[in-house]
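Peer 1: Sharing a structure here in structure tokens format.
The values are calculated or read from the model by the stated rules, or taken from the named source; none is laboratory data. Quantities reported herein were computed from a predicted structural model and do not represent experimental measurements. Here Cβ is always computed from backbone atoms with ideal geometry, including for glycine, and neighbour counts include all displayed protein chains.
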Amino acid sequence: MSGQSEIKDKYIKLAIALKTNQLKREELSSLTYQHVESSLKEHWRFRKPGSIHEAVEDIQQLSASDVVAYLSTQAVIMGSRMNLNDFDDLFGGDKQ
């Protein structure tokens, strides 16, 4: 979504992968690791965890609705930056 730094800690990556699989299995099968990671990065932008334990707690508390809310906000932001012509394929504009 944005140019945020990549998560490097292997335990945090594992926790994100496990949470992603749980959310896919129980709530929303179309979620990806990147969706979950991006929403956590946004959350941590405002409240950075002080330890791995706190980060894993944040990950475990994340819900599919949290991820969907983040992705919806990102879609609105991206859409507001686009020109109307960028939506021609959605509205059946000129096909050449």
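Peer 1: Within the stretch 19-46, track down each residue that is farther than 13 Å from Asp66 by Cβ and not in a helix (DSSP H, G or I).
Peer 2: Ser29, Ser30, Thr32
Peer 1: Here is a follow-up. If I go through the stretch 17-33 residue by residue, how many of them are over 18 Å from Ala75 (Cα atoms) and either surrounded by 18 or more Cβ atoms within 10 Å (Cβ to Cβ) or not aliphatic (A, V, I, L, M) (or both)?
Peer 2: Here the count works out to 10.
Peer 1: Output the residues belonging to the stretch 34-61 that are farther than 16 Å from Gln74 by Cβ and surrounded by 12 or more Cβ atoms within 10 Å (Cβ to Cβ). Outline the logic, then answer.
Peer 2: So in the stretch 34-61, the residues farther than 16 Å from Gln74 by Cβ come out as 47-61.
The answer is Pro49, Ile52, Glu54, Ala55, Val56, Glu57, Asp58, Ile59.
Peer 1: What about Ile7, is it assigned to a helix (DSSP H, G or I) and at pLDDT below 95? Even if it seems obvious, please write down each step before you answer.
Peer 2: Details: assigned to a helix (DSSP H, G or I): no; at pLDDT below 95: yes.
No; evaluated as a whole, the condition is false for this residue.
Peer 1: Of these, Asp58, Asp89, which one is in a helix (DSSP H, G or I), at pLDDT below 95 and touching a Lys or Arg at 6+ places or on another chain (Cβ under 9 Å)?
Peer 2: Numbers: Asp58 fails: at pLDDT below 95.
Residue meeting the stated conditions: Asp89.
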